[in-house]
1. Residue by residue through region 122-127, which ³J(HN,Hα) values in whole Hz follow from phi under the Karplus form 6.51 cos²θ - 1.76 cosθ + 1.60 (θ = phi - 60°), with glycine and proline marked x?
2. Once the piece of chain linking T74 and T41 is laid out straight, how much longer is it, given 0.36 nm per residue of separation minus the C-alpha distance between them?
3. Under 5 Å between amide H atoms, partner at least 5 residues away or on a different chain: which partners does S32 have, H built in plane at 1.01 Å?
4. When Lys and Arg each count +1 and Asp and Glu each count -1, what net charge do the other residues less than 14 Å away from S32, Cβ to Cβ, add up to?
5. Please report the equivalent ellipsoid semi-axes of region 2-110, computed as sqrt(5 x eigenvalue) of the Cα gyration tensor, largest first, in whole Å.
6. Tell me, what HN-Hα J-couplings in whole Hz come from the Karplus equation 6.51 cos²θ - 1.76 cosθ + 1.60 at θ = phi - 60° for each residue of region 76-87, using x for Gly and Pro?
7. For region 61-143, run through the GluC sites (Glu not before Pro) and keep only the ones in DSSP coil with at most 13 other Cβ atoms within 10 Å of their Cβ.
8. Lysines near K88 by alpha-carbon distance under 25 Å, same-chain residues fewer than 8 away left out - which ones?
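Since every read-out is calculated from the coordinates, none of them should be taken as a lab result. All values reported here derive from a predicted model rather than from experimental measurement. Reconstructed Cβ throughout: ideal geometry from the backbone, glycine too, with neighbour counts over all protein chains shown.
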Amino acid sequence: MRYVLMVSHGDFAEGLHSAVKMMTGERDDVLSIGLKDGMGTPEFAEKLKAIVSTLEVEDEIVLLADILSGSPFTTSLQVLDEAGFMDKTVVFAGMNMPLAITAVLMKDNMDLESLKTTLVSEGKEGLLVYEPVIETDDNEDDI
């Protein structure tokens with residue numbers, strides 16, 4: 001099975017997981033864990049190890065992290081490496097809702113290389129500046 005694993009500082013991963021669940025339904029192949037305020041990285045690592053220990057040797061992981069090189073990111077890489085999953089893991093930093101939804105819905109429909117390209121595109125497309133259109137009445141005569 002291919003899993004989506006979301007990791008973050010605070011409650012971001014669990015909150016995003018909850019929002020994704022609203023869009024995709026309840027799924028056993030989506031996991032999340034956050035490094036809570038006051039929690040050290042050793043405790044985070046232990047909780048992540050407990051999650052990873054439920055996976056099968058042949059499983060693959062799409063890891064979504066909140067920021068590159070943050071403690072959840074680096075600790076997750078270490079835990080996945082120690083558990084023997086790094087060669088079966090594709091890693092993304094800067095997760096957002098479009099990226100997460102696409103990861104969940106498309107992860108089983110394409111190979112990992114195609115999935116990488118698709119997810120990077122979706123993540124980038126999900127970030128934009130909204131410019132409202134202001135209508136003017138050009139039919140009024142100037143006085």
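1. Working through the residues one at a time gives 5, x, 5, 5, x, 10 Hz.
2. Extra length available between T74 and T41 comes to 10.9 nm.
3. Correct list: M6.
4. Within the 14 Å Cβ shell, the charges total -2.
5. In descending order, the three semi-axes are 19, 17, 12 Å.
6. Whole-Hz 3J(HN,Hα) from phi for region 76-87: 4, 4, 5, 5, 5, 5, 4, 8, x, 9, 4, 6.
7. Here the sparse-neighbourhood loop sites are E135, E140.
8. Result set, ordered by chain and number: K21, K47, K49, K107, K116, K124.
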